[in-house]
Amino acid sequence: MAYLLIFFSAIFVNNIVLSQFLGICPFLGVSKKVDTAIGMSAAVAFVLTIATIVTYLIQGLLEAFDLGYLQTIAFILVIAALVQMVEIVLKKVSPALYQALGVFLPLITTNCCILGVAILVAQGTYNSQGLEPDLLSGVVFAVSTAIGFGLALIVFAGIREQLALMPIPEAMKGMPIALVVAGLLAMAFMGFSGVDNGLAAVFGL
Amino acid sequence: MKKLQSTLPNMLLVLTLIAVVAAVALAYVNSITKDPIKENERIALAEGIDAVLNVKGAVVEQTDTIKDEKGKVASIIYHTDNGVAVQAVDHKAFGGDLVVLVGFADDGSIKGYTILETHETPGLGEKAGKWFQADGKGSIIGKQAGSLTVSKDGGDVDAITASTITSRAFLRAVNAAYQTYSEQTMEAIPCE
Amino acid sequence: MNYFKILYNGLVKENPTFVLLLGMCPTLGTTSSAVNGMSMGLATMAVLIASNLIISLIKNLVPDMVRIPSYIVVIASLVTLLQMFMQAYTPEVYKALGLFIPLIVVNCVILGRAEAFAAKHGPGESIFDGIGIGLGFTIALTMLGAIRELLGTGRIFGAELYSETYGMLVFVLAPGAFIALGYLIAIVKKTMKI
């Protein structure tokens, strides 16, 4: 049940974009259309999950050799290499999927939610709801985070599509109004705060 | 100077060179900063113990670590020449773990506390560091711990405005610290 | 291009926060107070100046095809160095900024300037570009931090202007960060006509 709790908490209560401030660049950058938002979310979910598993294993290696200070450098290289690999494999295996995700893949290297989640899981400092932070709960956390990212991005893109049709004061056009909308969305998500503790009580944890 | 061509040997050479230089620089700086970092952690703990016991330069005589059933560190007890400080954790705070250090007077009342680790909302959860102090709005100093609860739950401690969850987690951690403290001192008495 | 022009360019014309809209994660995540915003800005500036300098020096040694990975290794090493120094000599700041220090690596401002400026200019100009952009970033973060701190807690840099009781808590929290930045960008755009 604790896994369900991690799942719920990472999507709604501690949403990676709207309350943790990670992955804001793609959130603001590729949210003009719902279609592209869906593509980006899928690409992020894909890379985030694989990157979390690989970096978790690498962290074990680094710690074994007492090289903890190489963490940042090793992780970012792994993520960059992984993105390249995913790109090459997708191109060969599924050209259709590559067509859909291809343009987003290079952008993912500098998406800080990937590196951020990888570091959180490797250090075991994410909210594991009282579970021992291990690979399984880490992966559950990564997948849920990716879903939370996708949810925020797609909802936001839906709002921005409507927003594009509205008359808006000159100075507020573009990014300013988008940020204000993001703020309102974050406020809506704040309504979930504390729900995870309530659920924990219901589950008897 | 002409730009190097993108041939395989060139690329491999350059990447290896950069990686080696980077690794050497990092290893060197790591070796110089290692000791100050350890020293900082030690000072932070010593200052924390001094602050919660309301003394200067308390000397830790004995440290006991208590683990929970999963083998995680649940609490640490520092016996000093000036009293006992207990570190305890609550796992159900807003952003995960909340770690507190609580100092106890001989009668078991709270002498002082400090927060060692928090993942609460920046700027908000951090308020707990001041809120429950003697001059704060929800002072717990001098109170008997064990069953402290926020006023919303029928207790007599005022919760931090808009952070009931953090306040509850904080009080649970303080109560856990007292639990450990009383168990430890109970064991100590028969030895006399 | 003279040095003054490069500085002005980074501070105003290509201000990373208000004009280029880059590096939004630390901009929003670390500005719950003016001091935190300023520390983050200065940390980023230090990495930016060093990475601009190093990359402008090695730009001819790096073959085009491995350009990006090489730059990333350089930046990641610099960030790790900074992380270790901060942990050793400014532990308070290190604790306050937390996860956002290693995440300087993926701040698009740094890789962006490496690609767009340092890879095409000499070391002197690149340093000034680092200072200009870095200062622009620091000023933006300090402003946002000050606004959020004032509206949220009634203080600026910890000095109390009015009682915390009247503070609008939401500005310290996530929604307030987005909203404050939105209005700040709109106001800067309007007054600077950029």
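Checked against the criterion of being within 14 Å of chain A (Cβ to nearest Cβ) and more than 9 Å from the chain's Cα centre (by Cα), the candidates C:Val35, C:Val62, C:Val47 yield just one match: C:Val47.
For the stretch C:4-32, filtered to residues that are in a helix (DSSP H, G or I) and crowded, with 21+ Cβ neighbours inside 10 Å, the residue that is farthest from the other protein chains (Cβ to nearest Cβ) is C:Ile6.
Those residues that are of a type in the set (Ser, Thr, Tyr) and at pLDDT 75 or above, I need them from the stretch B:148-192; list them, please.
Taking the stretch B:148-192 as the starting set, the residues that turn out to be of a type in the set (Ser, Thr, Tyr) are B:149, B:151, B:161, B:163-164, B:166-167, B:178, B:180-182, B:185.
B:Thr149, B:Ser151, B:Thr164, B:Thr166, B:Ser167, B:Tyr178, B:Thr180, B:Tyr181, B:Ser182 - these are the residues of the stretch B:148-192 that are of a type in the set (Ser, Thr, Tyr) and at pLDDT 75 or above.
What number of residues within the stretch B:80-95 satisfy the criterion of being of a type outside the set (S, T, N, Q) and within 18 Å of B:Glu47 (Cβ to Cβ)?
If we filter the stretch B:80-95 for residues that are of a type outside the set (S, T, N, Q), which is where we start, we get B:81, B:83-86, B:88-95.
Filter once more, keeping what is within 18 Å of B:Glu47 (Cβ to Cβ): B:81, B:83-86.
Matching residues across the stretch B:80-95 total 5.
Are any of the residues in the stretch A:11-33 in contact with a Cys (Cβ under 6 Å, 6 or more places away or on another chain), within 20 Å of A:Gly138 (Cβ to Cβ) and among the β-branched types (Val, Ile, Thr)? Yes.
Residues in the stretch C:115-135: is at least one at positive phi and free of Cβ contacts under 8 Å to residues at least 12 places away in the same chain?
Among the residues of the stretch C:115-135, not one is at positive phi and free of Cβ contacts under 8 Å to residues at least 12 places away in the same chain, which makes the answer no.
Among the residues of the stretch B:43-52, is there at least one that is more than 14 Å from chain C (Cβ to nearest Cβ), closer than 30 Å to C:Leu173 by Cα and not in a loop (DSSP other than H, G, I, E, B)?
Initially, the stretch B:43-52 is screened for residues more than 14 Å from chain C (Cβ to nearest Cβ), giving B:49-52.
So of that shortlist, the ones also closer than 30 Å to C:Leu173 by Cα come out as B:51-52.
Filter again for not in a loop (DSSP other than H, G, I, E, B), leaving B:51-52.
Within the stretch B:43-52, one or more residues are more than 14 Å from chain C (Cβ to nearest Cβ), closer than 30 Å to C:Leu173 by Cα and not in a loop (DSSP other than H, G, I, E, B).
The set of residues from the stretch C:177-194 being surrounded by fewer than 23 Cβ atoms within 10 Å (Cβ to Cβ), in contact (Cβ under 8 Å) with a residue 24 or more places away in the chain and at the interface with another protein chain (Cβ under 7 Å from one of its Cβ atoms) comprises just one member, C:Lys189.
When the stretch A:93-124 is limited to residues that are among the polar types (S, T, N, Q), more than 21 Å from A:Gly60 (Cα to Cα) and surrounded by fewer than 20 Cβ atoms within 10 Å (Cβ to Cβ), the one that is nearest to the chain's Cα centre (by Cα) turns out to be A:Gln99.
Examine the stretch A:64-73 for a residue that is of a type in the set (A, V, I, L, M), surrounded by 19 or more Cβ atoms within 10 Å (Cβ to Cβ) and either farther than 19 Å from C:Val74 by Cβ or within 14 Å of chain C (Cβ to nearest Cβ) (or both), and state whether such a residue exists.
Initially, the stretch A:64-73 is screened for residues of a type in the set (A, V, I, L, M), giving A:64, A:67, A:70, A:73.
Add one more test, that the residue is surrounded by 19 or more Cβ atoms within 10 Å (Cβ to Cβ), and what stays is A:70, A:73.
Narrowing further to those that are either farther than 19 Å from C:Val74 by Cβ or within 14 Å of chain C (Cβ to nearest Cβ) (or both): A:70, A:73.
Yes: the stretch A:64-73 contains one or more residues that are of a type in the set (A, V, I, L, M), surrounded by 19 or more Cβ atoms within 10 Å (Cβ to Cβ) and either farther than 19 Å from C:Val74 by Cβ or within 14 Å of chain C (Cβ to nearest Cβ) (or both).
Taking each residue of the stretch A:153-172 that is within 14 Å of chain C (Cβ to nearest Cβ) and closer than 21 Å to A:Asn15 by Cβ and looking for partners that are of a type outside the set (Gly, Ala, Ser) and assigned to a loop (DSSP other than H, G, I, E, B) with beta-carbon atoms closer than 7 Å, six or more apart or interchain, yields A:Arg160/A:Lys32.
Residues of the stretch A:1-43 being farther than 20 Å from A:Gly116 by Cα and either β-branched (Val, Ile, Thr) or assigned to a loop (DSSP other than H, G, I, E, B) (or both), which ones?
Step one: filter the stretch A:1-43 for residues farther than 20 Å from A:Gly116 by Cα, giving A:1-5, A:31-39.
Of everything in the stretch A:1-43, those that are farther than 20 Å from A:Gly116 by Cα and either β-branched (Val, Ile, Thr) or assigned to a loop (DSSP other than H, G, I, E, B) (or both) turn out to be A:Met1, A:Ser31, A:Lys32, A:Lys33, A:Val34, A:Thr36, A:Ile38.
Conditions tested, residue by residue: (1) among the hydrophobic types (A, V, I, L, M, F, W, C); (2) under 16 Å from the mean Cα position of the chain (by Cα).
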residue	(1), (2)
A:Leu4	yes, no
A:Ala10	yes, yes
A:Asn14	no, yes
A:Ile24	yes, yes
A:Gly29	no, yes
A:Val34	yes, no
A:Val47	yes, yes
A:Ile58	yes, no
A:Lys91	no, no
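Of all residues in the stretch B:82-123, those satisfying the criterion of being part of a loop (DSSP other than H, G, I, E, B), under 19 Å from A:Tyr126 (Cβ atoms) and modelled with pLDDT under 75 are B:Phe94, B:Gly95, B:His119, B:Glu120, B:Thr121, B:Pro122. Among the residues examined, B:Thr65 qualifies as hydroxyl-bearing (Ser, Thr, Tyr), surrounded by fewer than 18 Cβ atoms within 10 Å (Cβ to Cβ) and more than 14 Å from chain C (Cβ to nearest Cβ). Before we move on, is C:Met40 out of contact with any Gly (no Cβ under 8 Å at 6 or more places or on another chain) and at the interface with chain A (Cβ under 10 Å from one of its Cβ atoms)? It is false that C:Met40 is out of contact with any Gly (no Cβ under 8 Å at 6 or more places or on another chain) and at the interface with chain A (Cβ under 10 Å from one of its Cβ atoms).
If we scan the stretch C:51-70, do we find a residue that is within 24 Å of C:Thr31 (Cβ to Cβ), small (Gly, Ala, Ser), assigned to a helix (DSSP H, G or I) and modelled with pLDDT under 90? No - not one qualifying residue is present in the stretch C:51-70.
Considering the conditions (1) small (Gly, Ala, Ser); (2) modelled with pLDDT of 80 or more; (3) closer than 21 Å to A:Asp196 by Cα, B:Ser139 is excluded by exactly one of them, (3).
Going through C:Leu78, C:Leu141, C:Leu103 one at a time, which residue ends up being in contact (Cβ under 8 Å) with a residue 24 or more places away in the chain, touching a Cys at 6+ places or on another chain (Cβ under 7 Å) and buried (at least 21 other Cβ atoms within 10 Å of the Cβ)?
Numbers: C:Leu78 fails: touching a Cys at 6+ places or on another chain (Cβ under 7 Å); C:Leu141 fails: touching a Cys at 6+ places or on another chain (Cβ under 7 Å).
That would be C:Leu103, the only listed residue that is in contact (Cβ under 8 Å) with a residue 24 or more places away in the chain, touching a Cys at 6+ places or on another chain (Cβ under 7 Å) and buried (at least 21 other Cβ atoms within 10 Å of the Cβ).
The values are calculated or read from the model by the stated rules, or taken from the named source; none is laboratory data. These figures come from a predicted structure and were not determined experimentally. Backbone-built Cβ (ideal geometry, glycine too); neighbour counts: all protein chains shown.
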